[in-house]
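Read the structure below first, then the notes.
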Amino acid sequence: MNRILVPIDGSAPADAALEYALERFPDDEIVALYVKDPVDGATAWGPGSADDWMAVADERAKAVLGAATDRADERGVSLATDDVVGRPARAIIEYAEENDVDNIVVGSHGRDGVARVLLGSVAETVVRRAPVPVTVVRPQE
């Protein structure tokens, strides 16, 4: 049995990656991972702001992972969930290294050219640096 890591964030590309994994690997151990990105939530600084951010991030993680679990249950597929704090690409790669992951299934926004260079791409970084094979899934248009 392989361990398949599917990073999810509630976006259409992440949903497509989860669908792909549930369909292609129903008998393997699938782990849905939500990364709580502190840079994404760093809008205001002051007393209690870190606690406020963490509370919001925890709620978002719970909602996204809960929805993923519901989708897996509908298909009769077992799904483990986890969440970590960090920058998405680095956190995904570290999670794969530390948790004996055999494959990563990641969604792609399908950006090209200047947009990819300026905005960066979690999927691209994961593909380049992951210690295991990576499957990139694009959502159907």
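The values are calculated or read from the model by the stated rules, or taken from the named source; none is laboratory data. Computed from a predicted structure; not experimentally measured. Here the Cβ positions follow ideal geometry from the backbone for every residue, glycine too, while neighbour counts run over all protein chains shown.
Which of the residues that make up the range 1-44 are touching a residue at least 60 places away in the same chain (Cβ under 8 Å) and among the small types (Gly, Ala, Ser)? Correct list: 11, 12, 14, 16, 17, 21. Counting only residues that are at pLDDT below 80 and in contact with a strand residue (DSSP E or B) (Cβ under 9 Å, 6 or more places away or on another chain), the range 90-138 holds 0 of them.
Considering only residues in the range 52-69 that are of a type in the set (Val, Ile, Thr) and touching a strand residue (DSSP E or B) at 6+ places or on another chain (Cβ under 7 Å), the one that is nearest to residue 12 (Cα to Cα) turns out to be 64.
Among the residues of the range 36-57, are any within 23 Å of residue 109 (Cβ to Cβ), more than 10 Å from the chain's Cα centre (by Cα), modelled with pLDDT of 95 or more and loosely packed, with under 13 Cβ neighbours inside 10 Å? No: the range 36-57 contains no residue that is within 23 Å of residue 109 (Cβ to Cβ), more than 10 Å from the chain's Cα centre (by Cα), modelled with pLDDT of 95 or more and loosely packed, with under 13 Cβ neighbours inside 10 Å. Could you tell me whether the range 62-84 includes any residue that is surrounded by 18 or more Cβ atoms within 10 Å (Cβ to Cβ), at pLDDT below 95 and small (Gly, Ala, Ser)? For the range 62-84, residues surrounded by 18 or more Cβ atoms within 10 Å (Cβ to Cβ), at pLDDT below 95 and small (Gly, Ala, Ser): absent. For the range 2-14, the criterion of being at pLDDT below 95, hydrophobic (A, V, I, L, M, F, W, C) and touching a His at 6+ places or on another chain (Cβ under 9 Å) is met by at least one residue.
Summed over the range 88-103, residues that are more than 18 Å from residue 61 (Cα to Cα) and touching a residue at least 40 places away in the same chain (Cβ under 8 Å) total 6.
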